[in-house]
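No value in this document is a laboratory result; all are computed from the given coordinates. Model, not experiment: these values are computed from the prediction. In this analysis, Cβ positions are derived from the backbone assuming ideal geometry, glycine residues included, and neighbour counts consider all displayed protein chains.
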Amino acid sequence: MDWRTEITAAKARISGHVVHTPTVTLDLGLTCGPVEAKLEQMQHTGSFKARGAFNTLLSSDVPAAGIVAASGGNHGAAAAFAARRLGHPAHIFVPEMAGPSKIALIRDTGAELMVVEGQYANALAAARAFEAETGAMQIHAYDAMPTVAGQGTCMAEWEDQGLKADTVLIAVGGGGLIGGALAWLQGARKVVAVEPETAPTLHAALAAGAPVDVEVSGIAANALGARRIGQICHGLATAQGVSSVLVPDAAIARAQRLLWRGARQLVEPAGATALAALVSGAYAPGPGERVAVLVCGANIAPDPFPET
């Protein structure tokens, strides 16, 4: 797979459909000093997921039945948003744990929404059954080439914006975002995977030598709650010798507070998870090492500004 060619094509394809998200230098009082950050929570529907959704739809022949997606919330919102913009019906399956804020976000797109008992895996099974029954096109949240190539445009864009860091910290759920980054960088920079202690999907796969199921819970589970890392991400991470560090929920919550108090960036737990590696000391940069964090999600729960 010539990933850089695929990502370059995806970047051109989705131009005009996604937000060119800003980058900043954050001085949050960390021992490592200021860090670069890309504010991907400012993307359409509040996460990077719009990149993969638009790339998938724009590179496919979408059937009359439209698209179907399973999601912890962010992917479903992005897929539904992209489908609406491009004139396709959207059918989104989410687990109850997605929470009212993300469920409301998906409903606001006008998609047909089905809330499923249990976790993400239950929503995925229901979405696959719907695909088989109706012929709708499945947009996988993280383990499909068009999705990963679309997410890879985030890192390609960041480099265009002048990224200086030696090391980039990226939160991991199913692996679409970090997979896209690895596919683009091809070892040119060090990439560190950051996962909640209660959702160690990539960490467990690297230890086992293959993707394995894990139990997921914790404050970031409705975004980083895939039970099994994607094959694409696992292959790229293994080939490039990527390591995963684990962070506790308390560090994720502290990182959220730091982003709000120090930079007035309101993000969900998943969006703060990469920064939590620096907050907790799970990743300690070496002398002179320049570090960047990818801030990836804004859909905080409960909604800080609910309808009255």
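Which distance in nm do the two modelled labels at residue 1 and residue 125 give, with both placed 7 Å along the Cα-to-Cβ direction?
The modelled label-to-label distance comes out at 2.7 nm.
Let me have the relative contact order for the chain, percent, based on Cα pairs under 8 Å that are six or more residues apart.
Relative contact order for the chain comes out at 20 percent.
Helix 145-160 versus the longest principal axis of the chain: what angle, 0 to 90°, nearest 10, using Cα atoms?
Value to nearest ten degrees: 40.
Name the GluC sites (Glu not before Pro) in the range 108-141 that are in a loop by DSSP and that have at most 11 other C-beta atoms within 10 Å, would you?
117
Stick to the Cα atoms of the range 49-138, pair each with every other, and give me the Kirkwood hydrodynamic radius in Å at one decimal.
Taking every pair of different Cα atoms in the range 49-138, averaging 1/r and inverting gives 12.5 Å.
Applying the Karplus parametrisation 6.51 cos²θ - 1.76 cosθ + 1.60 with θ = phi - 60° to the phi angles of the range 130-140, what ³J(HN,Hα) value in whole Hz is obtained for each residue in order, glycine and proline being reported as x?
Residue by residue, the range 130-140 yields 5, 4, 5, 6, 10, x, 5, 8, 7, 10, 6 Hz.
Output ³J(HN,Hα) for the range 48-65: one whole-Hz value per residue in order, computed from phi by the Karplus curve 6.51 cos²θ - 1.76 cosθ + 1.60 with θ = phi - 60°, and x for Gly and Pro.
Those phi angles translate into 4, 4, 4, 4, x, 5, 5, 4, 5, 5, 6, 10, 10, 8, 7, x, 4, 5 Hz.
Note down the relative contact order for the range 49-138 as a percent, whole number, built from C-alpha pairs under 8 angstrom at least six residues apart.
33 percent
Assuming 0.36 nm per residue, please report the length gained on full extension of the stretch residue 163 to residue 134 beyond their Cα-Cα distance.
Fully extending the segment from residue 163 to residue 134 adds 6.0 nm.
Mind listing which trypsin sites (Lys or Arg not before Pro) in the range 233-274 are in a DSSP loop and have 14 or fewer other Cβ atoms within 10 Å?
Within the range 233-274, the qualifying trypsin sites (Lys or Arg not before Pro) (loop, at most 14 other Cβ atoms within 10 Å) are 264.
Sorted from fewest to most neighbouring beta carbons within 10 Å, what does the list 49, 38 look like?
Neighbour counts put them in this order, fewest first: 38, 49.
Compute the helix-to-body angle for 74-86: its Cα long axis versus the longest principal axis of the chain, expressed 0 to 90° and rounded to tens.
Computed tilt is about 50 degrees.
Which of rounded, prolate or oblate describes the range 247-308 when judged by the alpha-carbon gyration tensor and an a/c cut-off of 1.5?
Prolate, because a/c is 1.5 or more and a/b exceeds b/c.
For residue 247, enumerate residues with amide H under 5 Å from its amide H, sequence gap 5+ or separate chain, H modeled in the peptide plane.
195, 197
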